[in-house]
1. Would you confirm whether any residue within region 366-387 is among the aliphatic types (A, V, I, L, M), modelled with pLDDT under 80 and within 30 Å of Leu324 (Cβ to Cβ)?
2. Can you name the residue in region 510-559 that is at pLDDT 85 or above and of a type in the set (S, T, N, Q) and is also farthest from the chain's Cα centre (by Cα) among such residues?
3. Of the conditions (1) under 25 Å from Met354 (Cβ atoms); (2) open to solvent by less than 70 Å² (accessible area, probe 1.4 Å); (3) touching a residue at least 12 places away in the same chain (Cβ under 8 Å), Pro221 clears all except one; give me its number.
4. Could you list, in sequence order, all residues of region 250-272 that are part of a strand (DSSP E or B) and either surrounded by fewer than 11 Cβ atoms within 10 Å (Cβ to Cβ) or of a type in the set (A, V, I, L, M) (or both)?
5. What's the number of the only condition in (1) assigned to a helix (DSSP H, G or I); (2) on the phi > 0 side of the Ramachandran plot that Gly214 fails to meet?
6. Please give the number of the condition Val441 fails out of (1) farther than 16 Å from Gly578 by Cβ; (2) β-branched (Val, Ile, Thr); (3) open to solvent by 20 Å² or more (accessible area, probe 1.4 Å).
7. Would you point out which residue out of Ala349, Ala301 is assigned to a loop (DSSP other than H, G, I, E, B), surrounded by 11 or more Cβ atoms within 10 Å (Cβ to Cβ) and under 35 Å from the mean Cα position of the chain (by Cα)?
8. Counting only residues that are more than 13 Å from Ser462 (Cα to Cα) and among the basic types (Lys, Arg), which one in region 487-540 is surrounded by the fewest Cβ atoms within 10 Å (Cβ to Cβ)?
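The values are calculated or read from the model by the stated rules, or taken from the named source; none is laboratory data. Just so you know, these numbers come straight off a predicted model, no measurement behind them. Reconstructed Cβ throughout: ideal geometry from the backbone, glycine too, with neighbour counts over all protein chains shown. Note: areas computed on protein heavy atoms with side chains; ligands, DNA, RNA excluded. Shrake-Rupley method; radii C 1.70, N 1.55, O 1.52, S 1.80 Å.
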Amino acid sequence: MRIWKSVVGKLWMTILLLVSFVLFILTILLLEFFQNYHVEEVEETLRYEAQKAASIIEDHDDLNMSIQIVSEVLDDPVHSIVNMNDEIVFYSDEQSHRDILQMINRSETLNRVHSDGAVVQGEFPSGEDTDNRYNNVIVVGAPIADESEERTGVVYVYQSLEAIQQTTEQTTRLIILAAAIAIILTTIFAFFLSTRITAPLRKMREGAFEVARGKFDTKVPILSNDEIGELATAFNQMGRQLKHHLDALSQEKEQLSSVLSSMADGVITFNKDFTVLVSNPPAERFLQNWYDEQEGYTKLALPPTLEQLITLVMKTNEEQIGELEVNGRSYTAIISPLYSGHTVRGAVAVLRDMTEERKLETLRKDFIANVSHELRTPISMLQGYSEAMIDDIPQSDEERKEIARVIYDESLRMGRLVNELLDLARMEAGHIVLNKEEVKVNEFSSRVLTKFKLGLNDLDISMDFQTGLEDSTVVIIDPDRIEQVLTNLLDNAIRHTKPGGEITISAQKETQFIRFDVIDNGVGIPEEDLPFIFERFYKADKARTRGRAGTGLGLAIVKNLIEAHKGKIKAESKLDQGTVFSFYLPYQ
């Protein structure tokens, strides 16, 4: 049954049905034509025979002789009846002449032969089957008249159509046989033609299935130069164009995916029911943070603020901007409508993590406040003591020298603060230049420690150096910068260590680093302050410091110097027990 559903079967059946219909109509017309043709031939023959018989009787004076001649001329199945002066003088068929005479007497057409003096004819049914024309009888009447018009009469010549039935049936068989042969040949030709026509179509169908499976380089053979060949050419061009466009779309999609993946901002595309269609890694982290922040079994898919913004975009078709917090991080959301033609089909959200910017803004404000605070004190003291000098408040030289000493110390403090700020700015900008050289660790550490011991006589603080390294151990560093590191750390340790305390510098090797420890048993650092001690302007509680307070930039400078040497620094401390600052320098 599959062949009837194919193009071959449909085309084959169409041609076959069309030819069969034409042959059927043609067969009917031919049969009708030949039947009428045979009947007309019989009529023409009977007319001729009737006129010939009448002429024979008219030309002979002897009636009996003329009738004998007529009976010899007219062969079976043609029969005759001769009526002279309204008297039947001859009939050739004993069985049928009575029925024929009755037909003649009932027929007005045949009776007009006397009045009209012309040949007349008529067709009459005989037998019981009146629907069968071959049971009819054709009767032709020809008038007889001599020159003296003493003898008048009619010659009736008739013949049954049964005589042509056999001829007509034979003709019918030949026509039907020819039609059958034509149908068989048409079937073979139609199948061959449809197969030949549809062969390229089947190839194109196979090619279309291959293209549907993703093999866009599939080509179909071009077997002809007609419309089907042009269709095959167009199919091959379509496949090439489709492959080209799909490659372009795939490349564009990969580029878009790469752009989205490399973006620092989160991008999420929503449809109208808030279903997430596309998201990049930052957006997925945002959604995961939101999911982790919620408690309980019932969790919202999106933050309420984000849903409100998306709803507002859907209603107004305008871009919306808002801020939200998720899991302790600040985000700015920019929501824009997503169009399909002139209809809004969704929204695209760009989520920018502003946490670091907020922190930097806070650090900037704190930096300005700290600098202002650090500069305000010495400036106020300079202003106050300068006014005292102008107003001649000091009465003695000692008082004037004391005021001058305060002004000098505060100016040094301001200069030190400004220089440290400049140094820190250069370090953080990467403009620091290191003059590295090979330095013996033990010798270098002992020299720095000796400088500090000279100033500790009045403080009752002991200072010691412990080493686990050989005297020949060297490290490649900028000695001035590392001395600055140790100076800052030791200065902090001295200021936070009470009289009778101890400060120790130790050096030892750990894997690929030389580890330096600055250990004191001073007041220590609160645990909650440890994460912030390397930030600018961090200061311990002044109540815990002894003597002058620092600028709050020393540890920030230390951290930048260590990192410039590709090292790292950390601090451990317990309140009222002491602090350990450890920094690591690469060892080669």
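1. Yes - at least one qualifying residue is present in region 366-387.
2. Looking at the filtered set, the residue picked out is Asn521.
3. Among (1) under 25 Å from Met354 (Cβ atoms); (2) open to solvent by less than 70 Å² (accessible area, probe 1.4 Å); (3) touching a residue at least 12 places away in the same chain (Cβ under 8 Å), Pro221 violates only (1).
4. Step one: of region 250-272, the residues part of a strand (DSSP E or B) are 266-271.
The answer is Val267, Ile268.
5. It is condition (1) that Gly214 fails.
6. Every listed condition holds for Val441 apart from (3).
7. Ala301
8. Looking at the filtered set, the residue picked out is Lys509.
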